[in-house]
Amino acid sequence: MSFSANVEKIKPSATMAVSALAKRLRAEGRDVVDLSAGEPDFETPGFISDAAIDGIHKGRTRYTPPAGMPELRRAIARALSERAGRDLDWEGVVVTSGAKQALFNANFCLFGPGDEVLIGAPYWTSYPEIVTLARATPVPVMGSEVRDFRLTPDDLERVWTPKTRGLIYSSPSNPTGSVYSQDELRSMIEWAHERDVWVIADEIYRCISFGDDQGTPAPGILELPPGSLGPKF
């Protein structure tokens, strides 16, 4: 008996490996600063816990519609509309069980065998594995260190081939923390539009920012700015 070829293609999460090691060392009494998994160092705020408990008591424990609860999707659309500066249709919002599922769904919908997907490097370790599971080929592309590794159209053009089908980037970036300006994003999106390349913008760390600049939403080619509300919702 053997596992599926899908399992043989992917690698274990380096993030989780380091996290497990940190937990083991801490359990042994070692003083450890864990820089592995990206999560806040505080507990879930009380009003969120209270709302979850209240929902359980009210029997809100059943299956939701596949795209998510309408009231949640409307709230997300309002938040995105305020940020984007234009009204967005709540019916274009899909709620997933975390950002990773959203990335899986997007990659499986858009890419397949023979496709290449550009990934801004340094990158979150799950990006290439998700692309690989979609049976596409991940292609890392690194911007200049002088620009904090932010990509430019020239960087993308350098690795583009007729097989290039997608681009994945994050802003604020995981792991560098660099943030794209609106002009930088617009030039990158325009390049993608000209090359007929899908763009997946991972903005999950927008609300975990230690400076004034939380970044700007990617201008959407199809009128919808790609984005993840992440921890905020």
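For the stretch 32-57, taking the residues that are among the charged types (D, E, K, R) and either in the same structural domain as SER209 (by TED's automatic domain parsing) or within 30 Å of LEU133 (Cα to Cα) (or both), the one that is surrounded by the most Cβ atoms within 10 Å (Cβ to Cβ) is identified as ASP34. As a summary of the residue check, GLY120 satisfies the conditions (1) in a loop (DSSP other than H, G, I, E, B); (2) within 25 Å of MET16 (Cβ to Cβ); (3) small (Gly, Ala, Ser); (4) in contact (Cβ under 8 Å) with a residue 40 or more places away in the chain except for the one numbered (1). Do we have any residue at all in the stretch 143-162 that's charged (D, E, K, R), surrounded by fewer than 19 Cβ atoms within 10 Å (Cβ to Cβ) and not in a helix (DSSP H, G or I)? Scanning the stretch 143-162, I find at least one residue that is charged (D, E, K, R), surrounded by fewer than 19 Cβ atoms within 10 Å (Cβ to Cβ) and not in a helix (DSSP H, G or I), so the answer is yes. Of all residues in the stretch 43-70, those that are closer than 19 Å to VAL94 by Cα have Cβ atoms under 6 Å from Cβ atoms of residues that are in a loop (DSSP other than H, G, I, E, B), 6 or more apart or on another chain, in ALA67/VAL94; GLY68/VAL95. Annotation note: of THR176, THR216, THR125, the sole residue that is more than 26 Å from SER81 (Cβ to Cβ), of a type in the set (Ser, Thr, Tyr), modelled with pLDDT under 95 and touching a helix residue (DSSP H, G or I) at 6+ places or on another chain (Cβ under 6 Å) is THR125. The set of residues from the stretch 87-117 being under 14 Å from the mean Cα position of the chain (by Cα) and assigned to a helix (DSSP H, G or I) comprises ALA99, LYS100, GLN101, ALA102, LEU103, PHE104, ASN105, ALA106, ASN107. On the basis of being surrounded by fewer than 21 Cβ atoms within 10 Å (Cβ to Cβ) and either within 19 Å of the chain's Cα centre (by Cα) or of a type in the set (Asp, Glu) (or both), does PRO175 make the cut? It is true that PRO175 is surrounded by fewer than 21 Cβ atoms within 10 Å (Cβ to Cβ) and either within 19 Å of the chain's Cα centre (by Cα) or of a type in the set (Asp, Glu) (or both).
Given (1) under 22 Å from CYS207 (Cα atoms); (2) surrounded by 10 or more Cβ atoms within 10 Å (Cβ to Cβ), where does ALA67 come up short, assuming only one miss? So the condition that ALA67 fails would be (1). For the stretch 3-22, the condition holds for at least one residue, the condition being that it is farther than 26 Å from CYS207 by Cβ, modelled with pLDDT under 90 and of a type in the set (Asp, Glu).
The values are calculated or read from the model by the stated rules, or taken from the named source; none is laboratory data. This structure is a prediction, so every number in the text was calculated from the model and none was measured. Reconstructed Cβ throughout: ideal geometry from the backbone, glycine too, with neighbour counts over all protein chains shown.
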